[in-house]
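In what follows, a single structure is set out as structure tokens and then discussed.
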Amino acid sequence: MAVGDGAIDFFSLVGGGIYQSIDALIQTGVSIIPGLAIAIILLFIGYVVALVLKKVSVEVVKYLKIDHFLESHDLPQAVGGVSFSILIGELVKWYVIILFLAQAVGFLSLNVIADFVTLFVEKVPLVLAAVLFLALGFYLARYVRNTFNKTNYPKKDLAGMLAEIVIMYLVLVMALANIGFDTTILVEAFRIAFTVLVIVVALLFGVAFGLSFRKDIKNFVMELRKGM
């Protein structure tokens, strides 16, 4: 009888714990539902507003003929052929969505998720600004390359490509640093690569100079020997 009573007490204890857990879960769910409904409505409104502002931004950029200017200089290919107006529109859209997302999370009674989203929202504007900075930097890099290609320099293709790569690398490093990444390794790598490049160019120039004036140098050395 004692064993049976103990088993009954055990199952009663377990059943009570399960019931309390389910009841707490239901109560939590019920308390979240109003805030969740408000958050969903707010996000929907934010999405609509974002689409409207995107459309306005695209039209403004087109009206300013920025796309036409970039296309006339063959620059959109630097960012995969995406027009500047579309790029600005997308950045504006996502910035607005993130702003509404930050407000919507405030209505949820979930502190862990709220903290995570808040941290996420703080970083997104920096990322969006970095994307814009990258686009502008890549436009500049392609413009420099195109300028080299219009010259009569024999190695204009190579020089233009190297100039574009260097500018793109520097812009990328600055964009990552603006977001908050540690770019020490990237900076040191560029410094080493640039030093090596300077040494190589100096050696090539010295060899080319020596070959070009080989006879003159030989005659000069012979004259020195005669004088000695």
- [ ] Could you check how many residues of the range 144-154 are buried (at least 17 other Cβ atoms within 10 Å of the Cβ) and of a type outside the set (D, E, K, R)?
- [x] 1
Open item on the list: Taking the criterion of being assigned to a helix (DSSP H, G or I) and over 30 Å from ILE38 (Cβ atoms), would at least one residue in the range 87-109 satisfy it?
Closed with: yes
Task: Sole exception among (1) in contact (Cβ under 8 Å) with a residue 24 or more places away in the chain; (2) farther than 30 Å from ALA141 by Cα for SER57, by number - done: (2)
TODO: Go through ALA163, ALA175 for me and flag whichever is out of contact with any Ser or Thr (no Cβ under 7 Å at 6 or more places or on another chain), within 27 Å of VAL60 (Cα to Cα) and not in a loop (DSSP other than H, G, I, E, B).
DONE: ALA175
- [ ] Residue by residue through the range 51-77, note down the ones that are surrounded by 13 or more Cβ atoms within 10 Å (Cβ to Cβ), of a type in the set (Asp, Glu) and part of a helix (DSSP H, G or I).
- [x] ASP67, GLU71
- [ ] Could you list all residues from the range 157-168 that are over 18 Å from LEU75 (Cβ atoms) and either at pLDDT below 85 or touching a helix residue (DSSP H, G or I) at 6+ places or on another chain (Cβ under 6 Å) (or both)?
- [x] LEU158, ALA159
TODO: Would you mention how many residues in the range 39-50 are exposed (fewer than 15 other Cβ atoms within 10 Å of the Cβ) and either of a type in the set (A, V, I, L, M) or outside any helix (DSSP H, G or I) (or both)?
DONE: 4
Open item on the list: Quick check on my filter: what residues within the range 152-193 are polar (S, T, N, Q) and more than 17 Å from ALA129 (Cα to Cα)?
Closed with: ASN152, THR183, THR184
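The values are calculated or read from the model by the stated rules, or taken from the named source; none is laboratory data. Keep in mind that what you see is a predicted model, and the values were worked out from it rather than measured. Here the Cβ is made from the backbone with ideal geometry for all residues, glycine too, and neighbour counts use every protein chain on show.
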